[in-house]
Structure formats: C-alpha cells, structure tokens
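The values are calculated or read from the model by the stated rules, or taken from the named source; none is laboratory data. This structure is a prediction, so every number in the text was calculated from the model and none was measured. Cβ atoms come from the backbone with ideal geometry, glycine included; neighbour counts cover every protein chain shown.
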C-alpha cells in the first residue's frame, strides 16, 4: 500500500479559517482558475506541481507551502478522504488560493500512476514539478525475521512507486512545450546511515539516491532537473516514537529531538523555485540534535 512520504502527520503552522473548496464527482477538488488562465493584473500563470503521499505528513506540509508560494498543486495519495482533508486545509491558506486537484492514486499500480499524470496533462497542459514523496517505513524487524511480503511491500512503494511516478513525470516534462521541469525525490537520513531493524527501508532509500542521479543525468538533454531531500526526524505521526524512545545502534532506547515539518516544506519550495539552469542535487534537513553526526 502507498502511504505518505518518509514521515506522516500534519504541519503545525496555524491557518486562517475559510470555506472548504467544492468537490466534483468525489475524485477531484478544484478552486480558482487553471494556471494557464491569466491571473488578475496580467501576472504569469501559476506553475503546476504533483505531490505524492499528500494525504498527511511531509506531503501535506509541502502542499501547504507550495500553495502559499502560488503554485497549483495536484494532491495524490491512496486515501481519498485524507487527500480531501489536505485540500480543505490548503484552501484555508488564502482566499485566492490556486487550483487544487485531488487524484486518489496507489503509486504501486502503473495504471493508476498513468491516470494521475494523464489527468494533470488534460487539466493543466503541463507539469513543472513532481515531489516524489509517497513511501512507507514498513515493519521494523530483525533481519532474519523479516518476511518476504514485508520486504516486498516496502520495495513496491518506496522504490517501484517512486520510479513509476518519476517515469511518468519525465515523459510529461520531455513532451511538453516549453520542455522541462523538476523532480524532487524524498530520500531519508537512512539514505546515508541506517537504523537497527530497517533493512527494507534503508535499502530502498539508498536506491532512491541512484534513482535521483540517473534522473539527473537522463534529464539533461530535456531541461529536466532532479534533486533529493534527505529528512531526519520531522515531527509527524510516523516519528511519534522518536519522542517516547527508539532503538539506537548500541541497543539502548533513547528519545530523539524532532523538528517542524514546515521547515522541511520550506526547503522543498526553495529547491522548486530555482530556475532549471540551477539544481540542489542533495539537501539534508534534520533536527539539529538528532543522533546522526558523530556518536550522537
């Protein structure tokens, strides 16, 4: 099953209360004009982003931040009700918020990924950004006790799902006029240093780095930039155990510091805002005092 990115939960920044956007057909939520329509005063059309794993956590926080930066955002994730809640919350950022579209998508299903990006092309005619965020930590278990199905579930979401979304975004960006766009992959601190009992998650996040590098190379002729953000201990549902005690490499349990997911979102927006001639290849954003550098 596809779940929200490396971490899950909700950004803590306060939002003003405004009416929820309208829902059409139970599958998409849209407000305001399409980005191709001229904005009042002749301003440039808004750029279009797809955020996977947008139903909670980092995905929801990034959607908030992109909308606040005047992007049009397509919310993708497995749970329609969670996407609708993100859309409702995002609609509270600004009374003139850009278009929001929700597309329930299981990133492990090629047909659903194709349908997602077809919907983006049909509605907006182009794609400027993919935040490739959907992922799962999976079951924490000693290596010799990890079941094949548990291994495969993590690989299907974190690696195959990321590939399918990147491939579909790449095709769209290559074929559109003007050509080009940006893909930002959600890696992890685990792309550098593992936790105990996390072999499936760690292996897929190392693989994400290879995916990022290959996308960067293959995208050069088409003005497609690709970078990776490696996140450590953003405060979300998935990191709740960090604040109650989590297994360390020395076998002890320890409480770890966390940071606000909004700080991660601001970094993604910075990466996304660069011209395509510039790229943040790798960025690491972590709670300052988490046990990562040195001996903790």
query: Is it true that residue 224 is surrounded by 20 or more Cβ atoms within 10 Å (Cβ to Cβ) and under 15 Å from residue 133 (Cα atoms)?
result: no
message: Just to check your reading of the model, which residue among 252, 179 is surrounded by fewer than 17 Cβ atoms within 10 Å (Cβ to Cβ) and touching a helix residue (DSSP H, G or I) at 6+ places or on another chain (Cβ under 6 Å)?
response: 179
statement: When residue 66 is run through (1) in contact with a strand residue (DSSP E or B) (Cβ under 9 Å, 6 or more places away or on another chain); (2) buried (at least 18 other Cβ atoms within 10 Å of the Cβ); (3) not in a helix (DSSP H, G or I), the failure sits at (3)
message: Can you find, within the range 100-123, the residue that is farthest from residue 68 (Cα to Cα) among those that are in contact with a helix residue (DSSP H, G or I) (Cβ under 7 Å, 6 or more places away or on another chain) and assigned to a loop (DSSP other than H, G, I, E, B)?
response: 108
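Quick grid of which residues meet (1) assigned to a helix (DSSP H, G or I); (2) touching a residue at least 24 places away in the same chain (Cβ under 8 Å):
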position	(1), (2)
195	no, yes
200	yes, yes
265	yes, yes
275	no, no
query: Just to be sure, is residue 216 touching a residue at least 40 places away in the same chain (Cβ under 8 Å), in contact with a helix residue (DSSP H, G or I) (Cβ under 9 Å, 6 or more places away or on another chain) and either surrounded by fewer than 21 Cβ atoms within 10 Å (Cβ to Cβ) or more than 18 Å from residue 163 (Cβ to Cβ) (or both)?
result: no
task: Run down 285, 269, 258 and say which single residue is out of contact with any strand residue (DSSP E or B) (no Cβ under 9 Å at 6 or more places or on another chain), surrounded by 16 or more Cβ atoms within 10 Å (Cβ to Cβ) and closer than 26 Å to residue 68 by Cβ.
output: 269
- request: Those residues that are assigned to a helix (DSSP H, G or I) and either surrounded by 14 or more Cβ atoms within 10 Å (Cβ to Cβ) or modelled with pLDDT of 95 or more (or both), I need them from the range 124-144; list them, please.
  value: 124
message: Being crowded, with 17+ Cβ neighbours inside 10 Å, in contact with a strand residue (DSSP E or B) (Cβ under 7 Å, 6 or more places away or on another chain) and either modelled with pLDDT under 95 or part of a helix (DSSP H, G or I) (or both): is that true of residue 242 here?
response: no
statement: Of those in the range 145-176 that are part of a loop (DSSP other than H, G, I, E, B) and in contact (Cβ under 8 Å) with a residue 40 or more places away in the chain, the residue surrounded by the fewest Cβ atoms within 10 Å (Cβ to Cβ) is 176
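Among the candidates 15, 88, 79, single out the residue that is surrounded by fewer than 21 Cβ atoms within 10 Å (Cβ to Cβ) and at pLDDT below 90.
Only one candidate passes the filter, namely 15.
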message: Out of the residues in the range 69-86 meeting the condition of being touching a strand residue (DSSP E or B) at 6+ places or on another chain (Cβ under 8 Å) and assigned to a helix (DSSP H, G or I), tell me which one is farthest from residue 122 (Cα to Cα).
response: 86
query: Within the range 121-139, how many residues turn out to be over 14 Å from the mean Cα position of the chain (by Cα), closer than 20 Å to residue 99 by Cβ and in contact (Cβ under 8 Å) with a residue 24 or more places away in the chain?
result: 7
